[in-house]
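A quick write-up on the structure given underneath.
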Amino acid sequence: MIKPSDIASRIKNALPQINIPTLGREVKLPVYVIHNSLDSEDYFFIFDFEQFVEQTRAGVFVRPALTVWSGRADFRRSLFARQFRESFAREFDIARAQLADRDVKPRGWFGFLSGTFMELRGANLSAFLANLVLLVATSAGTKVLSQILPKSWLSGKSDTSKLEESIEATQSKVDVALENIHIRLHEELYDHAYRDGGRGKRAQLEYDAWPLPGYVRQHLNDGASGAWW
């Protein structure tokens with residue numbers, strides 16, 4: 001098993017070879033929070049990676065614009081942030097692995113750092129890349145990637161401990177951003193969340209929102225997170 005300190009050391013040694021990419025066009029990255037029951041903390045996620053994957057496979061470092069839809073917003077944000085981050089990392093890793101099997105050479109976000117760290121293609125590196133994507137997606141288009149990456153990534157002088165701290169800081173920044181993200185309320189998800197009785201507040205429902213995509217409707221009762229592209 002590769003230790004976090006080994007990852008940090010390898011990152012440090014490879015820093016001079018890393019080119020910080022320029023972020024391109026903005027693409028939508030909708031996420032749907034699906035409640036399994038009347039318990040506000042009982043939910044899973046469906047991620048729409050379609051546009052993100054299409055542009056990334058074309059070699060573009062797109063700027064994902066994260067939109068979170070739910071039927072209710074009275075859940076604990078700290079728990080939501082951690083579960084969202086971990087679920088997103090899993091789905092990102094699955095997509096990255098499957099596309100790596102199909103494509104001759106991974107591009108864009110899915111290929112970032114893969115040629116530099118030949119032995120670090122496991123969950124740790126993939127989760128770190130997923131965190132970078134989430135940081136971009138929650139920055140509301142106001143930053144370039146060099147502003148989002150930990151400062152120690154931009155300097156070959158950083159020691160291993162600082163790099164380890166920067167990896168942890170990236171995760172912390174994601175959690176803070178997700179805790180404060182705006183949750184948009186969708187009527188269809190509201191009806192699903194309260195299908196077993198009871199009613200929540202309808203005042204903040206966005207009645208003019210587009211209907212749920214067919215894929216989301218098909219998987220409302222799955223009870224497990226997933227993604228499509």
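The values are calculated or read from the model by the stated rules, or taken from the named source; none is laboratory data. Quick caveat: nothing in here was measured; it's all calculated off a predicted structure. Here the Cβ positions follow ideal geometry from the backbone for every residue, glycine too, while neighbour counts run over all protein chains shown. Quick note on the areas: whole protein, heavy atoms, side chains included, nothing else; ligands and nucleic acids left out. Shrake-Rupley method; radii C 1.70, N 1.55, O 1.52, S 1.80 Å.
Here are a few things to note about the model shown:
- Of all residue pairs spaced 6 or more apart or on separate chains, those with beta-carbon atoms under 6 Å, a first member in the range 176-197 that is at pLDDT 95 or above and a second member that is in a loop (DSSP other than H, G, I, E, B) and among the aliphatic types (A, V, I, L, M) are I183/A73; H186/A209; E188/L212; H192/L220.
- Flag if E54 is open to solvent by 40 Å² or more (accessible area, probe 1.4 Å) and closer than 25 Å to Q218 by Cβ: yes
- A Cβ distance below 6 Å, combined with a sequence gap of six or more or placement on separate chains, defines the contacts here; from the range 66-87, residues that are charged (D, E, K, R) reach residues that are surrounded by fewer than 20 Cβ atoms within 10 Å (Cβ to Cβ) in the pairs R72/G200; D74/S40; R77/E179.
- The residue list A177, A224 contains one member that is in a loop (DSSP other than H, G, I, E, B) and under 27 Å from L135 (Cα atoms), which is A224.
- Of all residues in the range 89-111 being in contact with a helix residue (DSSP H, G or I) (Cβ under 6 Å, 6 or more places away or on another chain), under 17 Å from L29 (Cβ atoms) and not basic (K, R), the one that is modelled with the highest pLDDT: A89
- Output for the range 67-106, where each listed residue is of a type outside the set (A, V, I, L, M), part of a loop (DSSP other than H, G, I, E, B), more than 23 Å from L132 (Cβ to Cβ) and open to solvent by less than 70 Å² (accessible area, probe 1.4 Å): G71, R72, F75
- Taking the range 201-220 as the range and being free of Cβ contacts under 8 Å to residues at least 40 places away in the same chain, part of a loop (DSSP other than H, G, I, E, B), of a type outside the set (G, A, S) and out of contact with any Lys or Arg (no Cβ under 8 Å at 6 or more places or on another chain) as the test, the residues that pass are K201, R202, Y207, D208, W210, P211.
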